[in-house]
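Take a look at the structure set out below.
Values in this text are rule-based calculations from the coordinates and carry no lab data. Everything quoted here is computed from the prediction, not taken from an experiment. In this analysis, Cβ positions are derived from the backbone assuming ideal geometry, glycine residues included, and neighbour counts consider all displayed protein chains.
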Amino acid sequence: MRLRYAKRGPLRFTSHRDFARAFERALRRAGVPMAYSQGFTPHPKISYASAAPTGVASEAEYLEIGLRETVDPGALRAALDAALSPGLDVLHAVAATGGSLVDRIEAAHWRIELPGVDPHVLGAAVTAFTAADEILVERMTKQGRRTFDARAAVISINVIMSDETPSEAVAVPCAILELVVRQVTPAVRPDDVLSGLRVVADLEPPVSPRVTRLAQGTLTAQGAIADPLDAGRDGAVIGGC
């Protein structure tokens, strides 16, 4: 069974390890007939796909679970959603079809709110970013500090003009950036793109940005993103930029 879930509000600060523990407790509380691995220390068969970094909200997280018996997807979704804390919300459940779930995730659509940044200043920085052929940034990884290109993976990057005041950013300008980033190795994250904007335009947000993953899945020819739970059946589009 494949699930789509969201991390919202304060629960965006839940680490992947903490979510995994909470999800296993939810499986037990919901009485889900889990399949387990073999060996001396059996574990429930759960496979996560491209989890969002700690502190990042998401409307499109995915995982796959193995079951001992057939269950109704709607009932499973409702039972797991009730067993998890509000803010960790199970949105959809479908029976797994052929192929790997990970192979159905080619790109992600991100929204970055930048309180204290003027949208016109951000627009000029984005123009410089898109004009560059290569933008090298550094990040500490599990393999140590690495330098990689933050530009090549970015399929589209746009400043969103809005009269709303996102994230309770009262009485200050708040620029909004939306981007679609291709899944590559090493992964290019929103903070890497912000580092790239710093490199090309000296853009330095005065406060921490608020990042939300809106979608991830298969890229369509129009640059939109098809939900990996539905792409094999009806090509439902869940995001784009």
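Listing for the model above:
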quantity	calculated
Computed over segment 88-199, the ratio Rg/Rh where both radii use C-alpha atoms and Rh is Kirkwood	1.04
Given the chain, longest segment not containing exposed loop GluC sites (Glu not before Pro) (DSSP; at most 10 other Cβ within 10 Å)	165-241
For segment 59-89 and segment 1-45, distance of Cα centres in Å	9 Å
Tilt relative to the chain, helix 190-201 - C-alpha long axis, 0 to 90 degrees, to 10	10 degrees
Fluctuation leader among P53, P119, P44 - the chain, Gaussian network, Cα springs under 10 angstrom	P44
Most mobile of R145, R68, R111 in a GNM of the chain (Cα contacts under 10 Å)	R145
Relative frequency of Cα-Cα separations exceeding 31 Å in the chain, percent	28 percent
Helix axis angle, 16-29 relative to the chain longest principal axis, alpha carbon, degrees	30 degrees
Whole-percent pair-distance distribution, where bins are 5 Å wide, for the alpha carbons of segment 1-94	3, 14, 26, 27, 17, 9, 4, 0
Loop-located chymotrypsin sites (Phe, Trp or Tyr not before Pro) in segment 1-42 whose Cβ has at most 14 other Cβ within 10 Å (DSSP)	F40
Expected-Rg normalisation [2.2 N^0.38 Å, Cα atoms] applied to segment 64-137	1.82
